[in-house]
Structure formats: C-alpha cells, structure tokens
Amino acid sequence: MTKTLAVEDVLRILKAGRFSDLKGGLEDGKVECKSEIYTVTDDHQKQELAKDVSALANVDGGIILLGVHTKRDNTRAIGDQITDLSPFSEGLVDPEQYHKILSDWVYPQLEDVDIVWHPSDKEKTKGLVSILVPPQSPARRPFLITKLLDDGGKKRTTLIGYAERRRANAEPKSLEELHSLIRYGNEYGTITGRLDSLQQGIESIQQIIKASKVETPLTQSTPQKEQVGIPLPYGGTYPLSSFFYPDLLSERIGLILSELDLGPAHPAYVLAFTPEVKIEIPSLFASRNAQVVSLLEQPPDLRLHGFGLGTGAQAKIIEGVRRSAATPQFKSLNLWADGTFIFAADGGIDFLCWGSHASMSGTLRINPIALLESAYLFSSLGHAIYQHAQPYPTGGIYCLAIQNMTVNDTPCGLIPGPVGSHAWTFGTDIARAPDSRKRFDVAYHGAQINPGRVTFDLARQLYHWFGLDDEAIPYRKQAGDKKEIDPEQIKVLI
C-alpha cells in the first residue's frame, strides 16, 4: 500500500526505530532515499552529496535517508516507493566528514543541516542515517555546487553547478537552463522573494502596459485579423470566425505557464480547450461547494496513482475571471468563466517524461501512458465540466503543446508502442522531436466531446511530428471507421 510521508512522519519513525513503517512510503519533493551511503573518498560521491543536499536547500528543505531502497513504476505518476531497508553499523558514516564535504563543495554555507544515525528497535547495532535539511534563509539562496568533475573525473573549480529538488528528483540545471537563469536574473522572486525596489519597478511597468493596452470585448462578434481555419480531423477546415481566436488562447497558455513557475528553460506540457462560442458557467463562482468546483479540485481518475489531473490544491478565484487549482512547479488546472479550460504540467521526468533518465548526461523521452492518460482525462473532465455550462459547447479547438523539450542539446524522444515493450525497456527505435517546442490544434464542430477520439487525434499529430505513424500509438481501438484511445486498456495498467 502506498502512502505519503511528511518529514515529521519520517523523523518520528526514525526516532522510534520502527523502520518497517517506512515501507510503502513515496519519495517526493521533501523525502529522498538512497540505498547506499555516500563514500567520502570518492569525488563523484562527494559531488552527489553536495547536489542532493543543495537541491533540497534551494527549495524548502527536506530529508535524505541512507540505507533505504526504492522502486520506480513507470506506469504510475508517483514518486519511487520504499520497498526495502538495509540498516548498517553506526561507524560507517561519520557526520563530521559529511559536514566537511558540504562545507567544501557547497556555497554559501548551509545552515543547521543535521546528520544523525538512528538505531533500529529490532537490532540496536544497526540503523539508518538521516540528513535533515531545514528551510534555509531566502537571502542565502541559491546554494551552488562549487566543484564539478570533468569527463575524466578531475575536479574543475572554475565550474559551478546548481540543483533544485522538484517533486521526487534532485535535478541539476542544464547548460540551457543555467544560461537562461543567469540571463534573466534567475527570476528569484518566486524563490527568494524579490527585492522591494525591483518588485515595484516590475509592477510599475505592468501597470503602464495594462493602461496602454486596448481591450477587445470578448463577444461572439469579435473581429478577426483574417479569416483562417484549422483542419478538421477527418477533412475540411474549421473557420476561426467565432468568439475565440488563437492569440487569446496563446496568451492564456503563457499566463498559466508563467504562474506554474517551472523556470524559463524547463520542459512544459499543456492541454487546452476553447469553445467555438462564448459560454457561461454560472456556478463557477457561486460556491466552493459547487459541483464544477469539486471537479477542478478532485478530477476523476482512470486508476489509482495514474497520470491524473489532480493538483491537490484548492480551486481559487483569480481576478474574478477564472478558478485555478495549482501546485507550483508541478501541475495547474484552470477554468475561465467564458469557457477556456487549460491544464499545464511539468514536461520533464516528474510527469510527461516519467521514467526518463534526465540528468546532466541524460535525455528526455515522452511516456506514452502519461501523454494518453492525461489527455483522455482532460477531455473527459471537460465534458463533465461543460454539463454545467450554458450552452454546452458543441464545437471548439483542442490544443496540445510542449516546450523546452531539449536536454543537453538533444531533443526529446518518443518510442513507438506501449510502456513495457522491448523498445521502451531497452531504449531502441527512439524517434527524436524536430524541435524543442510545438503546438497541435484539433477542431471539432457539431458534436459532444468524445474523449477517446479527441485524445487519439491530438496524439496522432504529435506522433506524426515525431515521424511515427498511427500504428505506433498504443492503447487504441477501432470505433467504426475512426480510431480512439481506449480507457479500458489504460485502467488495467498497474
């Protein structure tokens, strides 16, 4: 049975020595597990210790456990699960040596890191080690790795590294991300609190822009720059002469990604829908107990711990125009009163590319279950939400977008077929993306939402972009003369 462990829960279990209570717990942004200790005579291990500890320090702190085994299940959108324990003798870890490594390899100095060996209640000579990293002063961030190893294992003090704990992974920043962070001042307002003067300057600029911008009334008669169309899935085009137009949807997607705060170069994944005519959702702001609000806060899933849309956050009213349920740096679910519906998530190994091995030397590959399950759930949730709309939208544009999907100058990959196939397991037949970003639009008109068909049509565009044909799309079925994603094939995945 899986369970979430808060840092306080872990400390209580360690203090009591009841290590078996850790089993079934999940790694997340606060809890990291290592099956082996850090070897103090190996520079690679020293760098790993510095990376793991500084990654926690650069967010809100957390705890590292040594002697704890975990296992990843690539079919589930959860952190690695604690499966086994390997208690060891106290003398194998010298806290002072670990502190010295952190002092030598991390700048500025970390505050109040606590390294403790905890004896087992079953066998007092064996135990586990915890490295508790308390929240650090925002004024001291970022914490940098002061020494990196070159390909030959030689220390280079002229290089620095930066890592940040995101959900269940301590991610070093890639060259592209570090470049963006340095170029744009690291945008540390979301991490350390912006300087008051800088914040005031930004707000002043925003007010000037807002005051100078001519707002176009959001009505069905909104004039278009030109009469254009989006191809319909099975022939013909859909004229964009209606309430919404591409620029507005792009602006709203950009807004949600900015709020999600993944970073200027971090991979991102977006699903969106905009109706063909202006609609109203009367109950959206009426009450927190309204059914449409409950759908945003507790969206339905296909299976336990799957790649769902739930963010675990309250759906808050934003500026009187939308509700947003968001967990920064992970997932965001948003519904506008006029019908726009947007889901955004981490496009890296915490969601869309779950199961990839993205590191300083790694690359990304899209997990087809994450892609197809989340897209199916997005369409299904939209259908449920629009039951509360006036009128129900019988047409509109669906959008799937990815961006920053390049790591170490290597575009992300996509493997034909399902997770668990030979190609997935051994990394063969990888198709590479032509670019680091792309948006796919699919228009529908005159019918209620069919989640399976919507998902297949979006996925088909993505797979074709990667150079793969329809047969490469897994978890599909034939429905008459059309293909659909089959939720039943996803439900049975464990």
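The values are calculated or read from the model by the stated rules, or taken from the named source; none is laboratory data. Nothing here was measured: the structure is a model prediction, and the numbers come from that model. For neighbour counting, all protein chains shown are included, and Cβ atoms are generated from backbone atoms with ideal geometry for every residue, glycine included.
Return yes when S436 is within 30 Å of W336 (Cβ to Cβ), part of a loop (DSSP other than H, G, I, E, B) and touching a residue at least 12 places away in the same chain (Cβ under 8 Å) and no when it is not.
Values: within 30 Å of W336 (Cβ to Cβ): yes; part of a loop (DSSP other than H, G, I, E, B): yes; touching a residue at least 12 places away in the same chain (Cβ under 8 Å): yes.
Judged against the criteria, S436 is a match.
Might you let me know whether the range 255-267 holds any residue that is among the hydrophobic types (A, V, I, L, M, F, W, C), surrounded by fewer than 20 Cβ atoms within 10 Å (Cβ to Cβ) and at pLDDT 90 or above?
Residues of the range 255-267 that are among the hydrophobic types (A, V, I, L, M, F, W, C), as a first pass: 255-257, 260, 262, 265.
Okay, now just the ones that are also surrounded by fewer than 20 Cβ atoms within 10 Å (Cβ to Cβ), so 255.
Adding the requirement that they be at pLDDT 90 or above leaves 255.
Checked against the condition, which is being among the hydrophobic types (A, V, I, L, M, F, W, C), surrounded by fewer than 20 Cβ atoms within 10 Å (Cβ to Cβ) and at pLDDT 90 or above, the range 255-267 yields at least one hit.
If a residue has to be part of a loop (DSSP other than H, G, I, E, B) and either surrounded by 20 or more Cβ atoms within 10 Å (Cβ to Cβ) or at positive phi (or both) to count, how many in the range 309-337 make the cut? Talk me through it step by step, then tell me what you get.
Kept after step one, since they are part of a loop (DSSP other than H, G, I, E, B), are these residues of the range 309-337: 309-315, 319-321, 328-330, 337.
Right, trim to either surrounded by 20 or more Cβ atoms within 10 Å (Cβ to Cβ) or at positive phi (or both) and you get 309, 311-312, 315, 319-320, 329-330.
Total satisfying the criteria: 8.
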Checked pairs for the range 36-54, first farther than 11 Å from L144 by Cα and touching a residue at least 40 places away in the same chain (Cβ under 8 Å), second of a type in the set (S, T, N, Q) and not in a helix (DSSP H, G or I), C-beta under 7 Å and 6 or more apart or across chains, list as none
Positions within the range 19-50 being among the basic types (K, R) and surrounded by fewer than 23 Cβ atoms within 10 Å (Cβ to Cβ), in sequence order: K23, K30, K34
Hey, F343 in a loop (DSSP other than H, G, I, E, B), within 15 Å of the chain's Cα centre (by Cα) and closer than 20 Å to L462 by Cα or not: no
For the range 64-82, check the following and say yes or no: at least one residue is modelled with pLDDT of 90 or more, closer than 18 Å to H118 by Cβ, surrounded by 14 or more Cβ atoms within 10 Å (Cβ to Cβ) and touching a His at 6+ places or on another chain (Cβ under 9 Å). yes
Selection from the range 63-101 of residues touching a Ser or Thr at 6+ places or on another chain (Cβ under 7 Å) and assigned to a loop (DSSP other than H, G, I, E, B) yields G67, I78, D80, S86, P87, S89
Residue match in the range 88-95 (condition: surrounded by 14 or more Cβ atoms within 10 Å (Cβ to Cβ) and hydroxyl-bearing (S, T, Y)): no
Hits in the range 264-308 - residues which are out of contact with any helix residue (DSSP H, G or I) (no Cβ under 9 Å at 6 or more places or on another chain) and either among the aliphatic types (A, V, I, L, M) or without any contact (Cβ under 8 Å) to a residue 12 or more places away in the chain (or both): V277, N289, V293, S294, L304
Residue in the range 449-469 that is modelled with pLDDT under 90, surrounded by 19 or more Cβ atoms within 10 Å (Cβ to Cβ) and in contact with a Phe, Trp or Tyr (Cβ under 8 Å, 6 or more places away or on another chain) present: yes
Condition check for I342: modelled with pLDDT of 95 or more and surrounded by fewer than 17 Cβ atoms within 10 Å (Cβ to Cβ): no
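Go through the range 422-442 residue by residue and tally those that are of a type in the set (K, R) and surrounded by 16 or more Cβ atoms within 10 Å (Cβ to Cβ). Break it down into steps so the answer makes sense when it comes.
Applying the first criterion (of a type in the set (K, R)) to the range 422-442 yields 432, 437-439.
Imposing the further condition that a residue be surrounded by 16 or more Cβ atoms within 10 Å (Cβ to Cβ) reduces the set to 438-439.
Number satisfying all stated conditions: 2.
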Which residue pairs have Cβ atoms closer than 6 Å, lie 6 or more positions apart in sequence or on different chains, and pair a first residue in the range 133-144 that is over 11 Å from Q109 (Cα atoms) with a second residue that is modelled with pLDDT under 85 and outside any loop (DSSP other than H, G, I, E, B)? P138/T192
Return the residue satisfying two criteria in turn: it lies in the range 474-483 and is in contact (Cβ under 8 Å) with a residue 60 or more places away in the chain and outside any strand (DSSP E or B), and of such residues it is surrounded by the fewest Cβ atoms within 10 Å (Cβ to Cβ). P474
Could you grab me the full set of residues in the range 318-328 that are among the polar types (S, T, N, Q) and either in contact with a Leu (Cβ under 6 Å, 6 or more places away or on another chain) or modelled with pLDDT of 95 or more (or both)? S324
Look through the range 6-29, keep the residues that are aliphatic (A, V, I, L, M) and not in a loop (DSSP other than H, G, I, E, B), and return whichever of them is farthest from S130 (Cα to Cα). L26
With (1) within 30 Å of P368 (Cβ to Cβ); (2) more than 25 Å from the chain's Cα centre (by Cα) as the list, and D28 as the residue in question, which single condition is left unmet? (2)
Scan the range 125-155 for residues that are farther than 21 Å from K34 by Cα and either at pLDDT 95 or above or of a type in the set (D, E) (or both) and report the count. 2
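Quick check on the range 287-303. Is at least one of its residues in contact with an Asp or Glu (Cβ under 7 Å, 6 or more places away or on another chain), surrounded by fewer than 23 Cβ atoms within 10 Å (Cβ to Cβ) and either modelled with pLDDT of 90 or more or assigned to a loop (DSSP other than H, G, I, E, B) (or both)? Before the answer, list the steps.
Residues of the range 287-303 that are in contact with an Asp or Glu (Cβ under 7 Å, 6 or more places away or on another chain), as a first pass: 302.
Still in the list and also surrounded by fewer than 23 Cβ atoms within 10 Å (Cβ to Cβ): 302.
Those left that are additionally either modelled with pLDDT of 90 or more or assigned to a loop (DSSP other than H, G, I, E, B) (or both): 302.
The answer is yes; a qualifying residue exists.
Any idea which of T311, T327 is without any contact (Cβ under 8 Å) to a residue 24 or more places away in the chain, in contact with a Lys or Arg (Cβ under 7 Å, 6 or more places away or on another chain) and not basic (K, R)? Give the steps one after another, and end with the answer.
Numbers: T327 fails: in contact with a Lys or Arg (Cβ under 7 Å, 6 or more places away or on another chain).
Unique residue meeting the criteria: T311.
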The condition of being touching a residue at least 40 places away in the same chain (Cβ under 8 Å) and out of contact with any strand residue (DSSP E or B) (no Cβ under 7 Å at 6 or more places or on another chain) holds, among A375, A337, A370, only for A370
For the range 102-121, give me each residue that is in a loop (DSSP other than H, G, I, E, B), surrounded by fewer than 17 Cβ atoms within 10 Å (Cβ to Cβ) and among the polar types (S, T, N, Q). Q109
